[in-house]
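Novice: Pasting a structure here, questions to come.
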Amino acid sequence: MSAFALYQTLQSEVPPPAKKPCQRVQVEVKKKKKKVNGSAAAVVKPTRSKRRKILNKLLKAANKEESKKTGPDNTVSICSGFDLKPVLLSVCANQIEPLCLLKQHQMEESVTAESLDALLTELTRVNNSKERASKLFQWLLKPVPAKYFFRETWEKKPVYVQRKNPAYYMGLFSTAEFDRILRKENVQYGVNLDITSYVNGKRETHNPPGRALPFTVWDFYESGCSVRLLNPQAFSSTVWNVLSILQEKFGSMAGANVYLTPPGTQGFAPHYDDIEAFVLQLEGKKHWRVYNPRSEDEVLPVLSSPNFDQAEIGKPILDVVLEAGDLLFFPRGFIHQGNCLPDAHSLHITISSYQKNSWGDLLQKVIPAALEVAMEEDVEFRRGLPLNYLTYMGVQNSDKEDPRRASFLSRVEELIKKLPNFAPVDAAVDQKAKEFFHDCLPPVLTPDELATSVQGAPARWENGEVKNVGVHITTQTKIKLLRAGCARLYGDGDAVHLCYTINNSRVYHKEEPKSFEIQTEHTDAVEFLIHSYPNFVTVGTLPCDSVQDKIALAELLFEKGIIHTSEPLQAPPAV
């Protein structure tokens, strides 16, 4: 029994339709749709001859589409505003130069860079995790300067970078690693992996229950379905490493999905997301169309959209084919869709950030807290509402010409204007930080961090006994935080807590938030450590009341994995 037949049997007790759920999707040509493989199929997999005919038809359609494209090659396209044409930028290996609007410009050389493996190895020698994050992010964008990107395009415009370097992202993820994960890891349908299709304007998910094994996953793929791996960082150490570094750049959770699409198909309907999206083309190629937000209400949306029909989205402002090594960025709210051309599969990873990280999300914490403080400290907020206010206020009375309405609304406005005086902004920011720390991936330790942290402590079992238990910390021991953003103080009522990310899970929110109470007399010392990063400080310089307190605090932070030392620690001397 094929994967499709099994899926249809498990999906419901209703007999499956004759038409199989995943068909090869037609490649669209402007103002003309060509139906391909539209007949019902009795079996899941078409014969080779039928598949060959399908591919030939799709190839012809794709060639027509390619010939109609008017957008220039070898450019970074930056698009903004409503109904505005893209501004094009020439991209060379060492510069980014503005060009005239829609002027054709050929790139004379490919964008080169050291391999990802070499870059990640180099970053292990950088002692400041913020600097590591900046270097990795610049590699992600190259040759677009990061400062230019944040100033001109972040949350504003799509960016397309064509590098002519298929090996640019080599080592990040591959179909071979995808196959290894399916064979070796417990990948569950609907939790870690989705099977999807988009055919004739209909988006469907075809997830059977249980574990996603290669036998069924690759059968779905061969039948024309897309495969989405939802949390590759849980299975790929390289993706985990990259995201754990980038999250310090964004100050917001960095997530990822991997998408594998068969030739000549499309897996998802047009839609927009609630994240800033970086699409990294890893293998093959994919045809992308990006559309402006349809209205001001959909600019930087709070939630992702439902699926759209083609008639609802207008004309694309960006119409490009991403090949291996290319990058496409689009902000939340920009509608997008991607389909595979007939001559190649597509593997890409989407790195995302800035979900629920807006001013409005912060104010949702500030305003209720400000109102609570105001009611405690200002009697005006505690005064009773006017008698009979229900008779002239409310929706049913909103059209009334009643002077009492104006007086009531004026009073509300006066009280609202007083709220900023009571707003605990720092406390609200700390609440946002706690959420971010729970979202964070744990850091991937460098060899030096591993050797000088609790992870590399010398305690072990040897020759039938435990050896080298404990560590020998003195006032001369040099310490610093493991990462710039790995720990943060916050108030919780009368207590002070330290939250940290070191022991988080690679699976989103699998673990509870990590924090513990800090003694009041130790808060200054923890602040001192946080603000001293990336420099090492000696335990003796911690602003604690006694030498015993200094050493006790250092031992606690070392045991939690929050700090490491300048040199590997030795076990205490034997007594």
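The values are calculated or read from the model by the stated rules, or taken from the named source; none is laboratory data. The structure presented is a predicted model; accordingly, all values stated were derived computationally and were not measured. Reconstructed Cβ throughout: ideal geometry from the backbone, glycine too, with neighbour counts over all protein chains shown. The area values use the complete protein model at the heavy-atom level, side chains included, leaving out ligands, DNA and RNA. Shrake-Rupley method; radii C 1.70, N 1.55, O 1.52, S 1.80 Å.
Novice: Would you grab the residues whose amide H sits under 5 Å from the one on G561? Only those 5+ places off in sequence or on another chain, please, with H modelled 1.01 Å from N.
Specialist: Distant-sequence amide H within range of G561: V454.
Novice: Okay, next question. With the cut-off at 24 Å, tell me which of the pairs K142/K285; K135/K164; K365/K417; K164/K202; K480/K560; K130/K514 have Cα atoms farther apart than that.
Specialist: K164/K202, as the Cα separations exceed 24 Å there.
Novice: Within the set of other residues whose C-beta is less than 13 Å from the C-beta of L542, count the net charge using Lys and Arg as +1 and Asp and Glu as -1.
Specialist: So the environment of L542 carries a net charge of -3.
Novice: Could you look at region 116-353 and say what percent of its accessible area is carbon and sulfur, using a 1.4 Å probe and all protein chains?
Specialist: 51 percent
Novice: Kindly provide the pair-distance distribution of region 474-575 built from C-alpha pairs, with 5 Å bins from 0 and whole-percent values in order of increasing distance.
Specialist: Reading the bins upward from 0: 2, 12, 23, 24, 19, 11, 6, 3, 0, 0.
Novice: Then there is this: What translational diffusion coefficient, in µm²/s and rounded to a whole number, does the Stokes-Einstein relation yield for region 224-289 at 37 °C and a viscosity of 0.692 mPa s, taking the hydrodynamic radius as the Kirkwood radius over Cα pairs?
Specialist: My calculation gives 241 µm²/s for D.
Novice: For region 290-340, what is the accessible area per residue in Å², given a 1.4 Å probe and the full set of protein chains?
Specialist: Here the residues of region 290-340 average 40 Å² of exposed surface.
Novice: Under a point-charge model restricted to the Cβ atoms of Lys and Arg (+1) and Asp and Glu (-1), what is the dipole moment magnitude of region 434-565 relative to its Cα centre, in debye to the nearest 20?
Specialist: 500 debye
Novice: Still on this structure, please answer the following. How are the C-alpha pair distances of region 163-274 spread across 10 Å bins, as whole percents from the shortest bin up?
Specialist: Taking every Cα pair in region 163-274, the percentages come to 13, 40, 36, 11, 0.
Novice: Here is a further query. Which value, in Å² rounded to 10, gives the accessible area of T175 with a 1.4 Å probe and all protein chains present?
Specialist: Accessible area of T175: about 40 Å².
Novice: Run the 1.4 Å probe and let me know the accessible area of E380, rounded to the nearest 10 Å².
Specialist: Solvent-accessible area, nearest 10 Å²: 60 Å².
Novice: Give the distance, in whole Å, between the Cα centre of region 251-297 and the Cα centre of region 497-562.
Specialist: 40 Å
Novice: In whole angstrom, note down how far apart the Cα centers of region 106-184 and region 303-371 are.
Specialist: Computed from Cα coordinates, the inter-centre distance equals 19 Å.
Novice: Got a sec to turn the phi values of region 222-232 into Karplus ³J(HN,Hα) couplings, 6.51 cos²θ - 1.76 cosθ + 1.60 with θ = phi - 60°, whole Hz, x for Gly and Pro?
Specialist: 4, 8, x, 8, 7, 10, 10, 8, 7, 9, x
Novice: Using modelled backbone amide H atoms (1.01 Å from N, in-plane), which distant-in-sequence or interchain residues come within less than 5 Å of I518's amide H?
Specialist: V496, H497, L498
Novice: Once label points are set 7 Å from the Cα along Cα→Cβ at both T124 and Q570, what is their separation, rounded to one decimal in nm?
Specialist: 2.6 nm
Novice: Okay, moving on. Ordering H497, H287 by how much accessible area each has at a 1.4 Å probe, largest first, what is the list?
Specialist: So, going from the largest accessible area down, we get H497, H287.
Novice: Would you mind telling me the share, in percent, of accessible area of region 434-565 contributed by carbon and sulfur at probe 1.4 angstrom?
Specialist: Roughly 47 percent of what the probe reaches on region 434-565 is carbon or sulfur.
Novice: Collect residues whose amide H, placed 1.01 Å from N in the peptide plane, falls under 5 Å from the amide H of Q337; neighbours closer than 5 in sequence don't count.
Specialist: Residues meeting the amide H criterion: R289.
Novice: How would you rank 477-483, 372-378, 245-251, highest first, on the average number of other Cβ atoms within 10 Å across their residues?
Specialist: Most protected by this proxy first, the peptides run 477-483, 245-251, 372-378.
Novice: Tell me the per residue accessible area of region 434-565 using a 1.4 Å probe; a whole number in Å² is fine.
Specialist: Counting only protein heavy atoms, the per-residue value for region 434-565 is 50 Å².
Novice: What number, in nm² with one decimal, is the all-direction average of the projected area of the convex hull of the alpha-carbon atoms of region 116-353?
Specialist: Mean shadow area of the hull around the Cα atoms is 12.9 nm².
Novice: Another question about this same structure. For H509, tell me the accessible area in Å² from a 1.4 Å probe, rounded to the nearest 10.
Specialist: Accessible area, nearest 10 Å²: 80 Å².
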